[in-house]
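The structure under discussion appears below in the form of C-alpha cells.
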Amino acid sequence: MKTKNLPSAFTPANNRLRLYNLAQFNFSVKTLMLLLVAVMATLTSCEEDKPEPKPATTVTAKAGDDQTINLGTLVTLDASASTDSEGKTLTYSWAIVTKPATSNATLTNANQAKPTFTPDVAGEYELEVSVSNGTGSAKDKVKITVTAPTGGNINLNEPIEQDIVLTNVVADPTKPDYRLTQNLLVNAKLTIMPGVVIEADADKGIYINENGALIAKGTATNKIVFTGKDKTKGYWEGIMVISGNPANELDFVEVNYAGSSNLSGIGSAIKAGMVISYHGTIPGQMKISNTTFSQSNGYGLYLHGIGQVSAFANNTFSNNSGNAMYLAANLAHKLDAATKFKGGNGYEGVEIAGEVEHNDEVTWPAFTDGASYLVSEDIILESGVKITAGAKLEFANETGFYVRDNGAYLIAKGTAANKIVFTGRNKVTGFWNGVMIISSSPLNEMDYVEIAYAGKRNLSGMGSAIKSNLVLSGFNPGAKLKVTNSSFTHSGGYGMYVQDGHAQFTGFANNTFSNNTGSALFVYAEQVHKIDAASKLKNSNGFDGVETSGEISLDNEVSWAAFTDGAGYYINGDLFFDSGVKLEATANATPTLYFATDKALYVRENGYIIAKGTATQKITFTGKTAQKGFWKGIMIATDSPLNEMNHVNVMNGGKTNLSGVNEKANVTVRYDAALKVVNSKISNSGGYGLFVKRNGIINADAGTANTFENNTSTGYHKEQ
C-alpha cells in the first residue's frame, strides 16, 4: 500500500498526543458532570428537608354600607362584618376623616364595632375604621350623607349622648325645625343656634341631665323657641335642668305652653315652663337673660331645692297660670329690677321662702314693673339683707319674717314716694304673723316702711297672747332697731311690740299706727322716753297710744312725750320709776296715763316724778275705764325734792291699798317721802284723794292749793 503524505500536524506522533489529550478532556467533563449531579442531589436533599412556611393571616375591614339620613338622626356605624382568616379577636378604632366645616359632631364608643354619632350639620361625613388582630390590620371607609328636610319637623327622638349643635333649618319662624315625639334626654352638650324652633308633642319634655348642658343663645331678632305642637296652655311638660354645668345658658329664648304635668323628680304639684333642680349635692344652674316664659299651666320658672340661677337679667313672665317664678329666698339677690313679672300671671311676682345666709350683705331689688315678692313660707335672715326702696313683700297666711342674731340684720330704707311694704297677700286684718327682729345689730333700720295686716298669731318665741305687726325680741343681747317715717296698720294685735328685757330702739321718729286690733305700740317702760311726740298713735287702734309697764332705772332723767295727736299711755301692769321721769305739757298737747284695773305707779329708790301741766293742758292719771276706784293710784316713796305735781289730774284710783300701806288713795306719800302738789285736781278715789303718811313731806298748802272731789274718804289727809 502506497503511503500518502500527510500534513505535519497529523503525523503519527502528533496523532498519539491528540488522542491522549482527548482522553484527558473526556475524563474531566465526565468528572465535572458527576460533580454537578452530586451537588444538585445534595441541594435537592437539603430543600426537601426544610418545612414549607404557612401563609400569613388575612384581616379584612368592612366599615359597612354608605348611608343617607336626615339631620338630627342618630347614626350607628357597623364594622362587625370585618373578619380575620383564623378567627382571631379583632379590635376597632374609628375616626371621623371629613365632616362639614361647621360641624362639632364627635363619636361615641369609637373603639367598638358599632359606635354612634349624631350629625349636627347637613353635608357629607366620611369615617374610617381600622381593624386589627394584634399582628395585622386593615382599614375601610364609609360615607354618611346628611340631608336637612326643607319642611323641618326633624324628630329628636334619641337621647343626646355626644355634643351636638341644632341649626336653623327652616327660615319661617312660625314653623318648627325640630319635633319632640318623646322625652329628650340630654347627656352631652346641646347647643342650639339662633332661630331654631323646637315643638313638643303632648306631655313631652326636655331633661338636661347631670352630664348634659344646654346652650341656647338666640338674638333679639332671631330668638330660639321651645313650644308645644298645639298652642294650648300646658300642652307639653317643659324643660328640667339638673346639670350643674356653668356653660348652661338661655339668652333671647322663648319657653311657651308648657306645664302639662310635673317634670320627673319634683312634687306632683310643681308644674312649670322650666325647672332648675339638682343632682345629689350639686345644684343645677342656668344663666338666663332676655328670655320669656309664658303660657305655662303652672309656674313660668321654678328653682327646686338648691337649684340656682348663675345670672338673671331682663326676662319676661306672662300669662302663666301659676306664679311667675319661685326661688329660695337665699337667691333673691340674684334677681334684677328690670325683669317683668307682671303680665297676667297667677301671681304677679316672685314667690320666695326659706333662710338667707351669706358671707356678705345682699340686696333684694324692687321691680320696676310694680311686681311683688310672695312669701309662701317663713323668711329667716341669718345674714345681712338690704331691701331696695319700692319693694313690696306680700305674705301668705300665717307666715313670718325673722331677723336672727349672730350677724344678721335688715336694712329697709324706702322713700316718701317709694315705701317698702310688708303686707298680707289678702288684705285682711291679722292675715300673716309679722316681722320679728331678734338681731342686736346696730345696722337694723326701717325708714319709710309699711307693715300691714299681720298679727295672725304669735311669732316664734313670744307668748301666745303677743300678736303684732312687728316684734323686737328682748332675748339677750336684745333686738335693736331704728325706725322712722314708717306705718303699722291693720294688725290682729299690736302695731308694734318691744319686749321687756334688752330690746331697744336706736331711733324712733315720725311713725304712724292705725287700725290695729290691740294697742298701737307696746314698749317696756325703760324705752318709752325714746318715742317722739310727732309719731301718730291715735287712729282707730285698740288703744290709741303707747302701752307699757315695768321699771325705769336709768342714769339720767328721761321725759315722756306729749303726743301732738292726743294719744295717751296705757299702763297694763305696775309701773316703777326708779330714776327720774318728767311728764310735761306743751302748748298743744299733754300726756295722759290710763291704768289697767288695780295697777299702780310707784316712785321709789332713786326715782322722782316731775309732772307739770298748764292751766289749759293738765297732765292726767286715770283708769282705763272712767270708774271710781278702778286702779290703785300713785305711791311716792322717795324724798327727792324734785317730786312735783303741778296742774295734774289724778282720778279713779283707790281700788285697793298700795304696797306697804293699809290705806287706799289716789296719791299716797310714804314715810319720809316728799312731794309738792299744787294746782291739781284729785277726784273719784275709792279711798282718800291724797294721803300723806306720818313723817311724809308735803307742801303746807297741799290741802288748799288743790281741788278734791268725789273721793270715798277724805279728799286730803295727813297722818299726825
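The values are calculated or read from the model by the stated rules, or taken from the named source; none is laboratory data. Since we're looking at a predicted model, the values are computed, not measured. Glycine gets a Cβ as well: all are built from the backbone with ideal geometry, and neighbour counts include every protein chain shown.
Out of 370, 384, 400, 407, which single residue is of a type outside the set (A, V, I, L, M) and in contact (Cβ under 8 Å) with a residue 60 or more places away in the chain?
Details: 370 fails: in contact (Cβ under 8 Å) with a residue 60 or more places away in the chain; 384 fails: in contact (Cβ under 8 Å) with a residue 60 or more places away in the chain; 407 fails: in contact (Cβ under 8 Å) with a residue 60 or more places away in the chain.
Checking each option against the conditions leaves just 400.
Do you know which residues across the range 582-602 are assigned to a strand (DSSP E or B) and of a type in the set (Gly, Ala, Ser)?
First pass over the range 582-602, keeping only residues assigned to a strand (DSSP E or B): 582-584, 592-595, 600-602.
Scanning the range 582-602 gives a single hit, 600.
Considering every residue within the range 275-284, establish whether at least one is assigned to a strand (DSSP E or B) and within 26 Å of residue 368 (Cα to Cα).
Yes, the conditions are met somewhere in the range 275-284.
Tell me which residues, restricted to the range 245-263, are of a type outside the set (Val, Ile, Thr), out of contact with any Asp or Glu (no Cβ under 7 Å at 6 or more places or on another chain) and under 23 Å from residue 224 (Cβ atoms).
The first filter runs over the range 245-263 and keeps only residues of a type outside the set (Val, Ile, Thr), leaving 245-252, 254, 256-263.
With the extra rule that they be out of contact with any Asp or Glu (no Cβ under 7 Å at 6 or more places or on another chain), the set shrinks to 245-252, 254, 256-257, 259, 262.
Matches in the range 245-263: 245, 246, 247, 248, 249, 250, 251, 252, 254, 256, 257, 259.
Which one of 555, 574, 565 is assigned by TED's automatic domain parsing to the domain that holds residue 640, under 18 Å from residue 635 (Cβ atoms), free of Cβ contacts under 8 Å to residues at least 60 places away in the same chain and charged (D, E, K, R)?
Values: 555 fails: under 18 Å from residue 635 (Cβ atoms); 565 fails: under 18 Å from residue 635 (Cβ atoms).
Checking each option against the conditions leaves just 574.
Which strands (runs of 3 or more DSSP E) sit wholly inside the range 300-373 and have at least 1 residues that are under 26 Å from residue 217 (Cβ atoms)? Steps first, answer last, please.
Numbers: elements: 308-313, 316-318, 323-328, 347-356, 362-364.
Where strands (runs of 3 or more DSSP E) fall fully within the range 300-373 and carry at least 1 residues being under 26 Å from residue 217 (Cβ atoms), they are 308-313, 316-318, 323-328, 347-356.
If you check 406, 426, 418, which single one turns out to be modelled with pLDDT under 95 and surrounded by fewer than 19 Cβ atoms within 10 Å (Cβ to Cβ)?
Testing whether each residue is modelled with pLDDT under 95 and surrounded by fewer than 19 Cβ atoms within 10 Å (Cβ to Cβ) leaves just 406.
Could you tell me whether residue 334 is modelled with pLDDT of 95 or more, under 16 Å from the mean Cα position of the chain (by Cα) and within 26 Å of residue 163 (Cβ to Cβ)?
No.
Just to check your reading of the model, which residue among 170, 165 is touching a residue at least 24 places away in the same chain (Cβ under 8 Å), in contact with a strand residue (DSSP E or B) (Cβ under 9 Å, 6 or more places away or on another chain), surrounded by fewer than 21 Cβ atoms within 10 Å (Cβ to Cβ) and part of a loop (DSSP other than H, G, I, E, B)? Even if it seems obvious, please write down each step before you answer.
Working: 165 fails: part of a loop (DSSP other than H, G, I, E, B).
Residue meeting the stated conditions: 170.
To keep it simple, each residue is scored yes or no on (1) farther than 18 Å from residue 318 by Cβ; (2) in a loop (DSSP other than H, G, I, E, B); (3) not hydroxyl-bearing (Ser, Thr, Tyr); (4) not assigned by TED's automatic domain parsing to the domain that holds residue 198.
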{"position": "227", "(1), (2), (3), (4)": "no, no, no, no"}
{"position": "232", "(1), (2), (3), (4)": "no, yes, no, no"}
{"position": "245", "(1), (2), (3), (4)": "yes, yes, yes, no"}
{"position": "255", "(1), (2), (3), (4)": "no, no, yes, no"}
{"position": "259", "(1), (2), (3), (4)": "no, yes, yes, no"}
{"position": "264", "(1), (2), (3), (4)": "yes, yes, no, no"}
{"position": "273", "(1), (2), (3), (4)": "no, no, yes, no"}
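Any idea which residue in the range 272-299 is farthest from residue 216 (Cα to Cα), counting only those that are surrounded by fewer than 20 Cβ atoms within 10 Å (Cβ to Cβ) and of a type in the set (S, T, N, Q)?
281
How many residues are within 17 Å of residue 505 (Cβ to Cβ) and part of a loop (DSSP other than H, G, I, E, B) if we restrict to the range 531-566?
10
Of all residues in the range 85-141 being assigned to a loop (DSSP other than H, G, I, E, B) and charged (D, E, K, R), which is nearest to residue 192 (Cα to Cα)?
Initial filter on the range 85-141 (assigned to a loop (DSSP other than H, G, I, E, B)): 85-90, 99-107, 109-115, 118-122, 133-136.
Imposing the further condition that a residue be charged (D, E, K, R) reduces the set to 86, 88, 99, 114, 120.
Details: 86: 49, 88: 45, 99: 19, 114: 27, 120: 10 Å.
Looking at the filtered set, the residue picked out is 120.
Condition check: assigned to a loop (DSSP other than H, G, I, E, B) and of a type in the set (A, V, I, L, M, F, W, C). Does residue 202 satisfy that?
yes
Give the residues of the range 609-637 that are under 22 Å from residue 529 (Cβ atoms) and either crowded, with 24+ Cβ neighbours inside 10 Å or of a type in the set (A, V, I, L, M) (or both), sorted by residue number.
609, 610, 611, 619, 621, 634, 635, 636, 637
Do we find a residue being among the basic types (Lys, Arg) and under 18 Å from residue 163 (Cα atoms) anywhere in the range 82-99?
Checking the range 82-99: at least one residue is among the basic types (Lys, Arg) and under 18 Å from residue 163 (Cα atoms).
Could you please find all residues in the range 693-712 being surrounded by 19 or more Cβ atoms within 10 Å (Cβ to Cβ) and closer than 13 Å to residue 633 by Cβ?
Of everything in the range 693-712, just one residue is surrounded by 19 or more Cβ atoms within 10 Å (Cβ to Cβ) and closer than 13 Å to residue 633 by Cβ, namely 711.
From the residues in the range 252-264 that are touching a Phe, Trp or Tyr at 6+ places or on another chain (Cβ under 9 Å) and within 18 Å of residue 209 (Cα to Cα), which one is surrounded by the most Cβ atoms within 10 Å (Cβ to Cβ)?
Per the stated criteria, the residue is 263.
Provide a single number: the residues in the range 243-261 that are touching a strand residue (DSSP E or B) at 6+ places or on another chain (Cβ under 7 Å) and either touching a residue at least 60 places away in the same chain (Cβ under 8 Å) or among the hydroxyl-bearing types (Ser, Thr, Tyr) (or both).
Of the residues in that region, 5 qualify.
Among the listed residues 239, 215, which satisfies the condition of being buried (at least 24 other Cβ atoms within 10 Å of the Cβ), of a type in the set (Val, Ile, Thr), part of a strand (DSSP E or B) and in the same structural domain as residue 171 (by TED's automatic domain parsing)?
Sole residue among the options that is buried (at least 24 other Cβ atoms within 10 Å of the Cβ), of a type in the set (Val, Ile, Thr), part of a strand (DSSP E or B) and in the same structural domain as residue 171 (by TED's automatic domain parsing): 239.
If we scan the range 663-675, do we find a residue that is modelled with pLDDT of 95 or more, among the hydroxyl-bearing types (Ser, Thr, Tyr) and crowded, with 16+ Cβ neighbours inside 10 Å?
yes
Kindly establish whether residue 346 is within 24 Å of residue 227 (Cβ to Cβ) and either of a type in the set (Lys, Arg) or under 12 Å from the mean Cα position of the chain (by Cα) (or both).
no
So which residues in the range 465-508 are in contact with a helix residue (DSSP H, G or I) (Cβ under 9 Å, 6 or more places away or on another chain) and small (Gly, Ala, Ser)?
Correct list: 503, 507.
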